[in-house]
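First up is the structure itself, then whatever we jot down about it.
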Amino acid sequence: MSDRGRICLRGLLDADDSHGEVRTAWHTTETIRGIYDIDRATVTLRYTLQLAEDPGDQSCPPEVNKLGRTIGPWCPPDH
């Protein structure tokens, strides 16, 4: 994340993230970005499957839940 991005994120968090929605969305995007650092296909698949399930938590913002529904179909059908 760039310095400007960090400043913007900090501003959003400081402004009012009383429900943790911005923090959850940011954490989710950073977690997904981490997939690219995994160099073993089986670990990547397991990680992706877990990500597809995690955002189903109703305490997550709607955008994060939608992302989870998007990631699921990316996984091979025979997992």
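The values are calculated or read from the model by the stated rules, or taken from the named source; none is laboratory data. Predicted model, so just to flag it, every value in this text is computed and none were measured. Glycine gets a Cβ as well: all are built from the backbone with ideal geometry, and neighbour counts include every protein chain shown. Quick note on the areas: whole protein, heavy atoms, side chains included, nothing else; ligands and nucleic acids left out. Shrake-Rupley method; radii C 1.70, N 1.55, O 1.52, S 1.80 Å.
Treating only the Cβ of Lys, Arg, Asp and Glu as charged (+1, +1, -1, -1), what charge dipole size does the stretch 1-61 show about its Cα centre? Round to the nearest 20 debye. Could you put the intermediate results ahead of the total?
Numbers: 7 positive and 11 negative charges, 48 e Å.
Approximately 240 debye in magnitude.
How much mean residue ellipticity at 222 nm does the chain get from its helices, if each DSSP H run of length 4 or more adds -39500 (n - 2.57) and you divide by all residues, to the nearest 500 deg cm²/dmol? Please report the intermediate quantities before stating the final value.
On the way: 4 runs with 50 residues, N = 79.
Only helices count here, giving -20000 deg cm²/dmol.
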Principal-axis tilt of helix 62-71 within the chain, Cα atoms, nearest 10 degrees = 20 degrees
query = Using Cα atoms only, what is the angle between the long axis of helix 3-16 and the major principal axis of the chain, expressed in degrees (0 to 90) to the nearest 10?
reply = 70 degrees
key: Label-point separation in nm, LEU13 to THR29, each point 7 Å along Cα→Cβ   = 1.4 nm
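Please report, largest first and rounded to whole Å, the three semi-axes of the ellipsoid equivalent to the chain, where each semi-axis is the square root of five times an eigenvalue of the C-alpha gyration tensor. Before the final figure, lay out each step's value.
Working: eigenvalues 140, 53, 12 Å².
After diagonalising the Cα gyration tensor, the semi-axes are 27, 16, 8 Å.
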inquiry  = Need one value: the accessible area of THR24 in square angstrom, 1.4 angstrom probe, rounded to the nearest 10.
reply    = 50 Å²
Extended-chain gain in nm, criterion 0.36 nm per residue less alpha-carbon gap, SER59 and ASP37 = 5.2 nm
